[in-house]
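Comments concern the structure below.
The values are calculated or read from the model by the stated rules, or taken from the named source; none is laboratory data. For clarity, every value in this text was computed on a predicted model and none was experimentally measured. Here the Cβ positions follow ideal geometry from the backbone for every residue, glycine too, while neighbour counts run over all protein chains shown. Side chains included, ligands, DNA and RNA excluded: accessible areas come from the protein's heavy atoms. Shrake-Rupley method; radii C 1.70, N 1.55, O 1.52, S 1.80 Å.
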Amino acid sequence: GGSSYLEIFHGCLTGRPPEVDLKLEKSVQSFLRKAIREGYVRSAHDISDGGLAVAIAECSIASDLGAQCELPVSQVRLDRLLFAEGGARVIVSTSAQNESAWLAFLKQFNSQNSSSVSLSKIGHVQAKKEVLITQKESNIIDLPLDQLKETFENAISRRLEIKK
């Protein structure tokens, strides 16, 4: 409720904001800060305004790198998986060479804290200039990075032209 997706696609600016789990938020942020200090994190982006798909697109636009992601099979509606907003969720990229050490770091962090942090590997950064999001090997989003950049960079001017 109250998401950008709901407003843009359904014309509704309504709904209750997600409840904030302060204990989980503190654990996620603490983990992330420690992981950054230890050199495991190459990039991080919260999944709040616009949800997962928007965060992936913004990361790709900012880095000029593509992404290939496979969403887990879920009972959750696809639009919710892609666009649900909420706290304590972050997209993090690490180097492939550090993956084992990254997972060991997570295990050690969770063993030392009362509220654990969970990770799901959903994909990888790629030099190919496209954002590809799939589920069950079916393409959900397959867009060239240039198209995403153009849409992102001209969004405000397009909206102002519509309102004239």
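Strictly over 22 Å apart at the Cα level, which of LYS26/LYS107; LYS107/LYS136; LYS129/LYS149 would you flag in this model? In this structure, LYS107/LYS136 lie more than 22 Å apart at Cα. Bridgeable aspartates and glutamates around LYS121 (alpha carbons under 18 Å apart, same-chain partners fewer than 8 residues away excluded): ASP46, GLU70, GLU99, GLU137. Using only protein heavy atoms and a 1.4 Å probe, report how much of GLU99 is accessible, in Å² to the nearest 10. Roll a 1.4 Å probe over it and GLU99 shows about 70 Å². Accessible surface ranking for PHE83, PHE109, 1.4 angstrom probe, highest first: PHE83, PHE109. Each residue was assigned an accessible area with a 1.4 Å probe, and for ILE141 the value is about 40 Å².
As a length-normalised measure over Cα pairs under 8 Å and 6 or more apart, the relative contact order of the chain settles at 28 percent. The HN-Hα couplings worked out from phi for the stretch 45-51 by the Karplus form 6.51 cos²θ - 1.76 cosθ + 1.60 (θ = phi - 60°) are 8, 5, 10, 10, 6, x, x Hz, whole numbers, x standing for Gly and Pro. Once backbone amide H atoms are built at 1.01 Å from N, TYR40 has no partners under 5 Å, excluding neighbours fewer than 5 places away on the same chain. Summarising the label geometry, the points placed 7 Å from Cα in the beta-carbon direction at LYS128 and LYS26 lie 4.4 nm from one another. The accessible-area ordering, largest first, of the residues SER30, SER116 stands as SER116, SER30, per a 1.4 angstrom probe. Using only alpha carbons, the stretch 82-164 has a radius of gyration to Kirkwood radius ratio (Rg to Rh) of 1.10. 3J(HN,Hα) along the stretch 67-74, derived from phi through the Karplus expression 6.51 cos²θ - 1.76 cosθ + 1.60 where θ = phi - 60°, amounts to 9, 10, 10, 10, 6, x, 5, 8 Hz, with x in place of Gly and Pro. Residues whose amide H comes within less than 5 Å of that of ARG89, counting only those at least five positions distant or on another chain, are ILE47 (H built at 1.01 Å from N in the peptide plane). Once backbone amide H atoms are built at 1.01 Å from N, GLY123 has GLU70 as its partners under 5 Å, excluding neighbours fewer than 5 places away on the same chain. Between SER43, GLY86, ALA55, the Cα set farthest toward the positive side of the dipole of the stretch 35-101 (charges on each charged residue's Cβ, about the Cα centre) is that of GLY86. Distances between every pair of Cα atoms in the chain, grouped in 5 Å steps from 0 to the bin holding the largest one, split as 1, 8, 15, 18, 19, 17, 12, 6, 3, 1, 0, 0 percent. In this structure VAL20 has an accessible area near 100 Å², from a 1.4 Å probe over the protein heavy atoms. What aspartates and glutamates sit close enough to LYS128 to cross-link, taking a C-alpha to C-alpha distance under 14 Å and skipping anything fewer than 8 places away on the same chain? Those aspartates and glutamates meeting the cut-off are ASP64, ASP142, ASP146.
The charge dipole of the stretch 114-153, taken about its Cα centre with unit charges on the Cβ atoms of Lys, Arg (+1), Asp and Glu (-1) only, comes to about 240 debye.
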